[in-house]
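**Q** Take a look at this one; I'll ask things after.
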Amino acid sequence: MKSKVKKRLINSLKIALTIALLYFVFTKINISSIRETIKQSQSIYLIPAILLFITSQVLSSFRLKLFFHADKFMISSKSNLQLYLIGMFYNFFIPGGIGGDAYKVFLLKKTFGWKTKKLLKDVLLDRLTGFIAIAVFIISMCTAIIPIDIVPALKYIALGVILVEGLLFVNWLLKKIFKTATTLYCKSLLYSIIIQSCQIISVLFILRSLTVEHCQIITYLLIFLVSSVLSILSFSGIGIREFLFLHASLALNLEPSIAVSTGLLFSFITAIVSISGLYYHFRKPQLELTTAL
């Protein structure tokens, strides 16, 4: 009972934070200026942005399947993707209800009788490898734009050493805590790098549609990556993303309407893709197993 109350409290706080941040953003910037910015955008570039985001989510479902299969939860690729889309729908459109990850665990436990603890571990590891990839991109971009008084070649060599040492340490840590095999870690990390690359390029197309200057692109991408990490604090990352884009625009002399529009367009694309899970929610697909690894 206490866990249910705690969960509801956390969800309520997330929704409250989302509403508060959106209220703050739209009291600091004229909504008509955002509307005009989006209206004048080159919408043709949003098509590849959407396709790349869809690709990132399909790959994300494959990454999660890696962890399931490692624990002998042999769900088929088709069923796993359907379940992943339902989870996206729950995460985005049902605030305060059962979360997408919790729903996946519940349905797999109900259908196949698999152990909840192991399923939760797999979902957590899937999320962790995603955050590791984001951290790699953030560190790399910061190294690229922060002026350091050493030979450029040495700067990037130092970056490579730091990243390799960091990733090896994480591998050791996951082995120690979750008994994660190195091969599984490497495969999931490779998936995560590709997934995050797809999302970064998706944002690049959004920035292209808004005709953002080339010299400002890395700054926008960094804001996006940081907002991806902090998205767990609000409902589906909405509010946090727009708030960070607005404050960064004021601090870094960027155009506020373009910055906020970037966050809103990415949220809009996420909503478009997430709503596809509604179809499988009502259809109640029969989850299938596979013998293929």
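**Q** When the stretch 33-50 is examined, which residues are found to be in a helix (DSSP H, G or I) and loosely packed, with under 14 Cβ neighbours inside 10 Å? Break it down stepwise before answering.
**A** Looking only at the stretch 33-50, we keep the residues that are in a helix (DSSP H, G or I), and these are 33-39, 43-50.
35, 36, 39, 43, 44, 47 - these are the residues of the stretch 33-50 that are in a helix (DSSP H, G or I) and loosely packed, with under 14 Cβ neighbours inside 10 Å.
**Q** In addition: Please enumerate the residues belonging to the stretch 257-293 that are under 26 Å from residue 209 (Cβ atoms), of a type in the set (Phe, Trp, Tyr) and surrounded by fewer than 21 Cβ atoms within 10 Å (Cβ to Cβ).
**A** Here is the first cut: in the stretch 257-293, the residues under 26 Å from residue 209 (Cβ atoms) are 257-277.
Filter once more, so that each one left must be of a type in the set (Phe, Trp, Tyr): 266, 268.
Of everything in the stretch 257-293, just one residue is under 26 Å from residue 209 (Cβ atoms), of a type in the set (Phe, Trp, Tyr) and surrounded by fewer than 21 Cβ atoms within 10 Å (Cβ to Cβ), namely 268.
**Q** Here is a check on your reading of the model: is residue 254 under 19 Å from residue 142 (Cα atoms), open to solvent by less than 70 Å² (accessible area, probe 1.4 Å) and modelled with pLDDT under 95?
**A** For residue 254, the condition - under 19 Å from residue 142 (Cα atoms), open to solvent by less than 70 Å² (accessible area, probe 1.4 Å) and modelled with pLDDT under 95 - is met.
**Q** A further question follows. Checking residue 242 against (1) touching a helix residue (DSSP H, G or I) at 6+ places or on another chain (Cβ under 9 Å); (2) open to solvent by 10 Å² or more (accessible area, probe 1.4 Å); (3) among the acidic types (Asp, Glu), which test does it fail?
**A** (2)
**Q** Which pairs turn up if I take residues in the stretch 110-136 that are in contact (Cβ under 8 Å) with a residue 60 or more places away in the chain and at positive phi and look for partners that are in a helix (DSSP H, G or I) and open to solvent by 30 Å² or more (accessible area, probe 1.4 Å) with beta carbon separation below 9 Å, at least 6 apart in sequence or on another chain?
**A** Every condition considered, no pair remains.
**Q** Filter the stretch 200-216 down to the residues that are assigned to a helix (DSSP H, G or I) and either open to solvent by less than 40 Å² (accessible area, probe 1.4 Å) or touching a His at 6+ places or on another chain (Cβ under 7 Å) (or both), then identify the one that is farthest from residue 252 (Cα to Cα). Lay out the reasoning, then the answer.
**A** Within the stretch 200-216, the subset assigned to a helix (DSSP H, G or I) is 200-209, 214-216.
Next, only the ones that are either open to solvent by less than 40 Å² (accessible area, probe 1.4 Å) or touching a His at 6+ places or on another chain (Cβ under 7 Å) (or both) stay: 200, 202-203, 206-207, 209.
Details: 200: 20, 202: 23, 203: 19, 206: 19, 207: 16, 209: 21 Å.
Among them, the one singled out is 202.
**Q** Right, residue 184: crowded, with 17+ Cβ neighbours inside 10 Å and farther than 19 Å from residue 70 by Cβ or not? Spell out the reasoning first.
**A** Working: crowded, with 17+ Cβ neighbours inside 10 Å: yes; farther than 19 Å from residue 70 by Cβ: no.
Against the criterion (crowded, with 17+ Cβ neighbours inside 10 Å and farther than 19 Å from residue 70 by Cβ), residue 184 does not qualify.
**Q** Condition test on residue 197, is it over 26 Å from residue 27 (Cα atoms), open to solvent by 10 Å² or more (accessible area, probe 1.4 Å) and either among the acidic types (Asp, Glu) or part of a helix (DSSP H, G or I) (or both)? It would help to see each step written out before you state the result.
**A** Numbers: over 26 Å from residue 27 (Cα atoms): yes; open to solvent by 10 Å² or more (accessible area, probe 1.4 Å): yes; either among the acidic types (Asp, Glu) or part of a helix (DSSP H, G or I) (or both): yes.
Answer is yes for this residue.
**Q** May I ask you to verify whether residue 267 is over 27 Å from residue 21 (Cα atoms), at pLDDT 90 or above and touching a Lys or Arg at 6+ places or on another chain (Cβ under 9 Å)?
**A** Working: over 27 Å from residue 21 (Cα atoms): no; at pLDDT 90 or above: yes; touching a Lys or Arg at 6+ places or on another chain (Cβ under 9 Å): yes.
Judged against the criteria, residue 267 is not a match.
**Q** Test residue 54 against the criterion of being at pLDDT 95 or above, surrounded by fewer than 17 Cβ atoms within 10 Å (Cβ to Cβ) and either hydroxyl-bearing (Ser, Thr, Tyr) or touching a Ser or Thr at 6+ places or on another chain (Cβ under 8 Å) (or both), and give yes or no.
**A** On the way: at pLDDT 95 or above: yes; surrounded by fewer than 17 Cβ atoms within 10 Å (Cβ to Cβ): yes; either hydroxyl-bearing (Ser, Thr, Tyr) or touching a Ser or Thr at 6+ places or on another chain (Cβ under 8 Å) (or both): no.
Criteria not met by residue 54.
**Q** Continuing with the same structure: Would you point out the residue of the stretch 97-118, among those that are open to solvent by 30 Å² or more (accessible area, probe 1.4 Å) and within 25 Å of residue 54 (Cα to Cα), that is modelled with the lowest pLDDT? Before the answer, list the steps.
**A** First, pick out the residues of the stretch 97-118 that are open to solvent by 30 Å² or more (accessible area, probe 1.4 Å): 98, 101-102, 106-107, 109-118.
Cutting the leftovers down to within 25 Å of residue 54 (Cα to Cα) gives us 98, 101-102, 106-107.
Values: 98: 57, 101: 86, 102: 85, 106: 90, 107: 91.
This residue is 98.
**Q** Here is a further query. Looking at the stretch 76-85, can you tell me whether even one residue there is surrounded by fewer than 20 Cβ atoms within 10 Å (Cβ to Cβ), touching a residue at least 40 places away in the same chain (Cβ under 8 Å) and in contact with a Ser or Thr (Cβ under 8 Å, 6 or more places away or on another chain)?
**A** yes
**Q** Quick check, is residue 173 closer than 19 Å to residue 72 by Cα and modelled with pLDDT of 90 or more? Can you show your working first?
**A** Details: closer than 19 Å to residue 72 by Cα: no; modelled with pLDDT of 90 or more: yes.
When the stated conditions are applied, residue 173 does not pass them.
**Q** Is it the case that residue 85 is closer than 20 Å to residue 273 by Cα and touching a helix residue (DSSP H, G or I) at 6+ places or on another chain (Cβ under 6 Å)? Step through it out loud before you land on a result.
**A** Details: closer than 20 Å to residue 273 by Cα: yes; touching a helix residue (DSSP H, G or I) at 6+ places or on another chain (Cβ under 6 Å): yes.
It is true that residue 85 is closer than 20 Å to residue 273 by Cα and touching a helix residue (DSSP H, G or I) at 6+ places or on another chain (Cβ under 6 Å).
**Q** Can you find a residue that is within 29 Å of residue 91 (Cα to Cα), touching a Gly at 6+ places or on another chain (Cβ under 7 Å), in a helix (DSSP H, G or I) and among the basic types (Lys, Arg) anywhere in the stretch 221-241?
**A** Looking through the stretch 221-241, at least one residue is within 29 Å of residue 91 (Cα to Cα), touching a Gly at 6+ places or on another chain (Cβ under 7 Å), in a helix (DSSP H, G or I) and among the basic types (Lys, Arg).
**Q** Can you tell me which residues in the stretch 235-264 are farther than 15 Å from residue 31 by Cβ and aliphatic (A, V, I, L, M)?
**A** Within the stretch 235-264, 238, 240, 244, 248, 250, 251, 252, 254 meet the criteria.
The values are calculated or read from the model by the stated rules, or taken from the named source; none is laboratory data. What you are looking at is a predicted structure, and each value in this text was computed from that prediction instead of being measured. In this analysis, Cβ positions are derived from the backbone assuming ideal geometry, glycine residues included, and neighbour counts consider all displayed protein chains. To get the accessible areas, we keep the full protein, side chains included, count just its heavy atoms, and leave off ligands, DNA and RNA. Shrake-Rupley method; radii C 1.70, N 1.55, O 1.52, S 1.80 Å.
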